[in-house]
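Working notes, structure below.
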Amino acid sequence: MIKDKEWVINEIEKIACFGKGPRGITRLAFSQTAVESQEYIISLMKQEGLVVTVDQIGNIIGRLEGKDNTLPAVATGSHLDTVPEGGKYDGVLGVIGGLAAMRRLKDRGGLTHPVELIVFASEESSRFGFATIGSKTMVGLANSIAWSKAKDQDGRSFPEVMLENQYDLEHLSAAARSSEDIKAFIELHIEQGRVLEKEGRTIGIVEAIAAPTRLKIIVEGVAAHSGSTPMEERQDALVSASMIVLAIQEIGLEQSSYGTVATVGMLKVHPGSINVIPGVVEMHVDIRGIDHESIIECLQDIKDAISAIAEEQETGVSIVMLSAEKPVKMNKEIMSLIKKVCNEKNVSYQFLHSRAGHDAMNLSRLAPTGMIFVPSKDGVSHNPDEYTKDDDIMVGIDILTETLYQLAK
Ligand code: GLV
Ligand code: MN
Ligand code: MN
């Protein structure tokens with residue numbers, strides 16, 4: 001057998017080949033490259049002797065049987081889909097690291113509970129604007145009505161893409177699992193922030209995950225000739241939208257002492273022509289934080305600022321709430337167990353918050369849930385330069401494996 005570390009680093013590199021482009025890795029949810037990476041992981045799971053099933057939304061479950069398979073499974077996992085031009089560790093670490101842990105557990109033996117590796121479908125919101133579609137479906141929170149209206153950047157609808165992948169939106173409830181199926185869920189992930197690097201610690205034990213609140217804002221002006229319309233007679237939707245972007249930045253800064261952040265990550269300008277004053281702008285806003293009150297205040301301030309700008313600029317505006325999720329606390333006993341494992345292995349650790357979203361947010365509704373972070377160089381993520389040292393990856397896998405073992409033995 002190839003040595004453990006070599007195997008892990010090699011498999012991370014192999015997954016990175018699916019969707020590798022001139023700048024970073026693009027494996028958008030349900031795309032051809034995502035499907036190919038899923039097929040590859042299924043083949044790896046089977047090679048390791050796991051029993052593999054795929055549910056109605058494309059979540060992959062690889063199961064290692066324990067002594068008593070009627071008991072709830074101890075589960076780990078993450079995702080393979082990426083943002084456009086992403087890096088090679090976000091999600092992949094929890095999938096390959098999870099599989100490495102299963103390989104070790106299989107060799108070690110002595111498991112009473114079954115152990116599962118779950119590869120969640122569509123964790124990133126990049127393609128359809130909705131995050132963690134696979135894990136939401138698994139915990140019975142599929143929102144087929146909202147999802148059916150979603151379209152990707154190429155105008156392809158979510159139902160159309162589901163159908164093409166042979167998933168059936170009508171039957172998503174069949175993918176829902178219950179608390180009786182899962183004893184605990186542990187996700188290994190890169191930190192995507194700077195805390196561990198700054199503090200010089202190797203393991204992050206997540207206390208809470210910031211959940212996204214998301215808006216679509218549609219600004220309506222009047223499309224007109226860019227040459228013949230005098231400056232004082234314009235209702236330029238992009239000018240209003242730009243003022244809204246700056247207001248959101250200001251409001252985000254005001255709330256930043258509570259750890260809240262606000263971002264406009266997408267603007268669509270219509271009709272989008274050099275000689276036409278923009279008539280309509282669609283913008284997507286992502287608000288995140290751990291402090292619920294601060295998120296509510298941020299949202300209200302954004303709405304007030306938008307109304308004031310729209311009035312002053314005489315442009316129409318409508319706001320659609322895409323999602324409003326609450327920050328999620330991780331389970332205290334799982335956090336203590338991870339801490340105990342770190343102490344036993346003499347590994348430095350730090351309790352911290354996750355500012356990014358994860359499938360663990362949803363799994364925490366079914367079972368006691370925890371997350372293990374490893375450092376991200378310069379805190380960079382959702383970027384081709386995302387990097388975590390091989391040695392840190394291996395420590396993360398050690399801590400994950402022992403935590404899973406303690407829960408499943
Ligand atoms: C997932 O990466 C997120 O957008 O937080
Ligand atoms: Mn991500
Ligand atoms: Mn991720």
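The values are calculated or read from the model by the stated rules, or taken from the named source; none is laboratory data. Predicted model, so just to flag it, every value in this text is computed and none were measured. Neighbour counts run over all protein chains shown; Cβ positions are idealised from the backbone, glycine included.
Of the conditions (1) of a type outside the set (A, V, I, L, M, F, W, C); (2) buried (at least 20 other Cβ atoms within 10 Å of the Cβ); (3) at pLDDT below 95, His292 satisfies every one except a single condition; which number is it?
(2)
Any chance the stretch 237-258 includes a residue that's part of a loop (DSSP other than H, G, I, E, B) and not polar (S, T, N, Q)? Full working, then the answer.
Of the residues in the stretch 237-258, the ones part of a loop (DSSP other than H, G, I, E, B) are 255.
From the residues that got through so far, the ones that are not polar (S, T, N, Q) too are none.
No, there is no match, as no residue in the stretch 237-258 is part of a loop (DSSP other than H, G, I, E, B) and not polar (S, T, N, Q).
Go through Thr369, Thr315 for me and flag whichever is touching an Asp or Glu at 6+ places or on another chain (Cβ under 9 Å) and outside the structural domain of Ala73 (by TED's automatic domain parsing).
Thr315
For the structure I just gave you, tell me whether Met361 is within 15 Å of ligand 3 (Cβ to nearest atom), outside any helix (DSSP H, G or I), modelled with pLDDT of 95 or more and of a type in the set (A, V, I, L, M).
no
Quick check: is even one residue across the stretch 375-392 surrounded by fewer than 18 Cβ atoms within 10 Å (Cβ to Cβ), within 20 Å of the chain's Cα centre (by Cα) and over 18 Å from Ala16 (Cβ atoms)?
The answer is yes; a qualifying residue exists.
Taking the options Met231, Met321, Met266, Met283, name whichever one is of a type outside the set (Gly, Ala, Ser), surrounded by fewer than 17 Cβ atoms within 10 Å (Cβ to Cβ), touching a Lys or Arg at 6+ places or on another chain (Cβ under 8 Å) and at negative phi.
After applying the criteria, what remains is Met321.
Among (1) within 16 Å of ligand 3 (Cβ to nearest atom); (2) more than 30 Å from Ile372 (Cβ to Cβ); (3) of a type in the set (A, V, I, L, M, F, W, C), which single condition is Val328 missing?
(2)
How many residues, within the stretch 32-62, are surrounded by 17 or more Cβ atoms within 10 Å (Cβ to Cβ) and more than 23 Å from His171 (Cα to Cα)?
Qualifying residue count, the stretch 32-62: 6.
Just to be sure I understand, how many residues within the stretch 76-133 are among the aliphatic types (A, V, I, L, M) and either without any contact (Cβ under 8 Å) to a residue 24 or more places away in the chain or in a loop (DSSP other than H, G, I, E, B) (or both)? Quick ask: steps written out before the conclusion?
Of the stretch 76-133, the ones among the aliphatic types (A, V, I, L, M) are 80, 83, 92-93, 95-96, 99-102, 105, 111, 115, 117-119, 121, 131, 133.
The next check asks that each one be either without any contact (Cβ under 8 Å) to a residue 24 or more places away in the chain or in a loop (DSSP other than H, G, I, E, B) (or both); those that pass are 80, 83, 111, 121, 131.
So the count comes out to 5.
List pairs: first in the stretch 186-203 and in the same structural domain as Pro384 (by TED's automatic domain parsing), second part of a strand (DSSP E or B) and more than 15 Å from ligand 3 (Cβ to nearest atom), Cβ under 7 Å, 6+ apart or cross-chain?
As it stands, the answer is Ile186/Gly370; Val195/Gln350; Val195/Leu352; Leu196/Gln350; Glu199/Gln350; Arg201/Tyr349; Arg201/Gln350; Ile203/Tyr349, since those pairs meet every condition given.
Would you check which residues across the stretch 170-195 are touching a helix residue (DSSP H, G or I) at 6+ places or on another chain (Cβ under 6 Å) and outside any helix (DSSP H, G or I) and list them?
First, the residues of the stretch 170-195 that are touching a helix residue (DSSP H, G or I) at 6+ places or on another chain (Cβ under 6 Å): 172, 175, 177, 184-190, 193-194.
Within the stretch 170-195, Arg177, Ala184, Phe185, Ile186, Glu187, Leu188, His189, Ile190, Gly193, Arg194 qualify.
What about Asp81, is it acidic (Asp, Glu) and within 11 Å of ligand 2 (Cβ to nearest atom)? Even if it seems obvious, please write down each step before you answer.
On the way: acidic (Asp, Glu): yes; within 11 Å of ligand 2 (Cβ to nearest atom): yes.
Criteria met by Asp81.
Tell me, which residue of the stretch 212-228 that is in a loop (DSSP other than H, G, I, E, B) and under 19 Å from Glu312 (Cβ atoms) is nearest to the chain's Cα centre (by Cα)? Reasoning before the result, please.
Our first condition is that a residue be in a loop (DSSP other than H, G, I, E, B); within the stretch 212-228, this holds for 221-223, 226-228.
Pick out the ones that are also under 19 Å from Glu312 (Cβ atoms) and you get 221-222.
On the way: Gly221: 34, Val222: 37 Å.
Among those that are in a loop (DSSP other than H, G, I, E, B) and under 19 Å from Glu312 (Cβ atoms), it is Gly221.
On the basis of being over 16 Å from the mean Cα position of the chain (by Cα), within 30 Å of Met266 (Cα to Cα) and either surrounded by fewer than 24 Cβ atoms within 10 Å (Cβ to Cβ) or free of Cβ contacts under 8 Å to residues at least 12 places away in the same chain (or both), does Arg23 make the cut? Spell out the reasoning first.
Numbers: over 16 Å from the mean Cα position of the chain (by Cα): yes; within 30 Å of Met266 (Cα to Cα): yes; either surrounded by fewer than 24 Cβ atoms within 10 Å (Cβ to Cβ) or free of Cβ contacts under 8 Å to residues at least 12 places away in the same chain (or both): yes.
So Arg23 passes the test.
How about the stretch 102-139: which of its residues are more than 16 Å from ligand 1 (Cβ to nearest atom) and more than 23 Å from Leu407 (Cβ to Cβ)? Explain how you work it out, then say what you get.
Quick first cut of the stretch 102-139, residues more than 16 Å from ligand 1 (Cβ to nearest atom) only: 102-118, 137-139.
Correct list: Thr137 only.
Which pairs have Cβ atoms under 8 Å, sit 6 or more apart or on different chains, and link a residue in the stretch 245-264 that is touching a residue at least 12 places away in the same chain (Cβ under 8 Å) to one that is hydroxyl-bearing (Ser, Thr, Tyr)?
Once the first residue is touching a residue at least 12 places away in the same chain (Cβ under 8 Å) and sits in the stretch 245-264, its partners that are hydroxyl-bearing (Ser, Thr, Tyr) give Ile248/Thr263; Gly252/Thr260; Gly252/Thr263; Gln255/Ser294; Tyr258/Ser294; Gly259/Ser294; Thr260/Ser294.
Hey, can you tell me all the residues within the stretch 324-348 that are surrounded by fewer than 18 Cβ atoms within 10 Å (Cβ to Cβ) and in a helix (DSSP H, G or I)?
Lys332, Glu333, Ser336, Lys339, Lys340, Asn343, Glu344, listed by residue number.
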